[in-house]
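Read the structure below first, then the notes.
The values are calculated or read from the model by the stated rules, or taken from the named source; none is laboratory data. Not measured: the values here are computed from a predicted model. Cβ sites come from the backbone with ideal geometry, for glycine too, and all protein chains shown count toward neighbours. Heavy atoms of the whole protein, side chains included, go into the accessibility calculation; ligands, DNA and RNA do not. Shrake-Rupley method; radii C 1.70, N 1.55, O 1.52, S 1.80 Å.
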Amino acid sequence: MTLDLFGGDDPAQHGRVTIGPQSVVLRGFALPTVDALLAGVDDVTAQAPFRHMETPGGYTMSVALTNCGDLGWTTDARGYRYSRIDPVSGQPWPAMPQAFTQLAQDAAREAGFPDFAPDACLVNRYEPGSRLSLHQDRNERDFNAPIVSVSLGMPAMFLFGGDDRADRAARVPLFHGDVVVWGGVDRLRFHGVMPLKDLPHPRLGSQRINFTIRKAG
Ligand code: MD3
Ligand code: FE
């Protein structure tokens with residue numbers, strides 16, 4: 001991977017990259033609305049700050065997370081689940097910013113999912129060294145709905161595996177402004193993120209924000 005590929009505004013990165021039968025990377029799709037998206041992240045994190053959650057296995061996640069929308073994903077010693085209440089504040093999660101919903105529906109339509117009605121958004125914050133080990137997203141009620149992901153800030157190497165944990169994973173670099181839609185037959189594929197390198201982003205510095213817009217309930 002050359003430095004140039006991590007530049008972020010290289011027009012050669014733009015376009016549509018098919019990474020599975022029903023998964024597509026829309027390079028730079030979020031760039032036109034990035035100001036509104038970052039304002040949304042600030043709004044959400046002012047009400048529900050990023051926190052490092054515990055896994056049921058007793059580990060602390062290296063990725064910090066928060067949520068917005070009607071339902072938010074949490075993990076603690078008792079397991080993984082969606083809930084309406086932020087366990088830190090005791091209040092409902094912040095509302096989903098309109099810019100998130102609009103972008104997610106536009107991207108889902110582009111990818112062949114015209115009726116996406118999201119009710120949840122998980123916001124992840126990575127710092128250098130943060131990683132996400134291979135996992136499946138199975139806490140949502142309806143696996144027919146796609147998941148839309150938005151990457152901002154530092155680049156990351158996404159790992160896209162198969163339906164079995166042992167399946168070989170493809171490496172897909174994700175850059176500031178990229179949007180990915182995952183659905184249909186790809187919805188339960190194992191996936192993860194390699195430990196982040198410290199390649200500070202001009203706007204976000206040494207962090208990567210990824211948010212995934214979902215239908216959880
Ligand atoms: C593929 N987040 O929050 S987004 C997660 O970059 C998560 O923060 C990663 O995995 C990140 O659960 C990857 C992409 C993603 C999300 C859900 C998927 C890819 C997926 C569900 C099925 C297949
Ligand atoms: Fe995931």
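Looking at segment 199-217 only, could you name the residues that are away from ligand 2 (no atom under 15 Å from the Cβ), within 25 Å of residue 35 (Cβ to Cβ) and not aliphatic (A, V, I, L, M)?
200, 201, 202, 203, 205, 206, 207, listed by residue number.
When you scan segment 161-217 for strands (runs of 3 or more DSSP E) that lie fully inside it, which ones turn up with 1 or more residues that are open to solvent by 30 Å² or more (accessible area, probe 1.4 Å) and without any contact (Cβ under 8 Å) to a residue 40 or more places away in the chain?
In segment 161-217, the matching strands (runs of 3 or more DSSP E) lie at 170-174.
Which condition number does residue 155 fail, the rest of (1) out of contact with any helix residue (DSSP H, G or I) (no Cβ under 6 Å at 6 or more places or on another chain); (2) more than 10 Å from ligand 1 (Cβ to nearest atom) being met?
Residue 155 satisfies all of (1) out of contact with any helix residue (DSSP H, G or I) (no Cβ under 6 Å at 6 or more places or on another chain); (2) more than 10 Å from ligand 1 (Cβ to nearest atom) except (1).
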